[in-house]
Amino acid sequence: MTGNSYNRFNFHRNTFCVFSEVDLQAVENKKADYISKSGSSYFFTDKGVFRLSNHWGRAANCKWRLQSNSSAKSRTKLGYADWTSFCPDNEIESLYFITINFDTGKVDYLHKNNEAYKPEYVLRTVADTTKIIRTIRGLYANESWAKYYSGNIHELRQHIIEQLITTDKTLLEIKQSL
């Protein structure tokens, strides 16, 4: 757990959270407890918060991501998070680690307080995390970087990415060691 206690009065101050998408029926016939200037609606419970919004990612001084399993085309989605899911966020501490699904190429970052954290993952600041994610996406975007390497490009890409998320080596250092 985070050691911090979040609630309806402080969850919106410099936090990171991954909301789970839920069906709109969860707040049907309920009046929002708060509507932000950007139009997001919040519905508070004792255990957490529902957020109905058409924008996810950065929200004011927070980083709130929506974990969505639906293929719904609507931009406005309802997410839910327990108060215990909120973690402190800032720009200077190394709080984030990177995960990747090698089957889909989907790369994400999570807070060090997440249960998925393993000691082999390197913790980084927001800026450094963003750089590594951009590098990883570049490795998937085109394959021109691999033209001088022999072997299976998918295995090579996986090896490079594993190095990027578990060491402080740069992409250049990793390529030179191959």
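Couple of notes before you dig in:
- The GluC sites (Glu not before Pro) of the range 90-174 meeting both criteria, a DSSP state outside H, G, I, E and B (loop) and at most 16 other C-beta atoms within 10 angstrom of the site's C-beta, are Glu91, Glu93, Glu115, Glu120, Glu143.
- All lysines inside 20 Å of Lys175 as judged from Cα atoms, apart from same-chain residues fewer than 8 positions distant: Lys131, Lys147
- The chain: most fluctuating residue of Tyr109, Tyr96, Tyr148 per GNM, C-alpha cutoff 10 Å: Tyr148
- Once the Cα gyration tensor of the range 2-65 is diagonalised, semi-axes √(5λ) in Å: 18, 14, 12
- Relative contact order [Cα under 8 Å, 6+ residues apart], the chain, whole percent: 20 percent
- Most fluctuating residue given options Asp46, Asp82, Asp103, as computed from a GNM of the chain linking Cα atoms under 10 Å: Asp103
- MRE, 222 nm, helices only [DSSP H, n ≥ 4, -39500 (n - 2.57), over the chain, to nearest 500]: -6500 deg cm²/dmol
- DSSP-assigned coil residues among trypsin sites (Lys or Arg not before Pro) in the range 1-57, each with at most 16 further Cβ atoms within 10 Å: Arg8, Arg13, Lys30, Lys31, Lys37, Lys47
- Positive-pole candidate from Trp56, Ile165, Asn69, dipole of the chain, charges at beta carbon: Trp56
- Ligands, DNA and RNA left out, the 1.4 Å accessible surface of the range 1-154 is 49% carbon and sulfur atoms.
- Between the range 111-178 and the range 1-68, the alpha-carbon center distance in angstrom: 31 Å
- Shape class for the chain: prolate, because the ratio a/c of the largest to smallest gyration tensor axis (alpha-carbon atoms, square roots of eigenvalues) is 1.5 or more and a/b beats b/c.
- Protein heavy-atom accessible surface, 1.4 Å probe, per residue over the range 1-155: 62 Å².
The values are calculated or read from the model by the stated rules, or taken from the named source; none is laboratory data. Computed from a predicted model, the values in this text were never measured in an experiment. Because the Cβ atoms are built from the backbone with ideal geometry, glycine has one as well, and the counts that use them run over all protein chains shown. Just the protein is used for accessible areas: all its heavy atoms, side chains included, with ligands, DNA and RNA removed. Shrake-Rupley method; radii C 1.70, N 1.55, O 1.52, S 1.80 Å.
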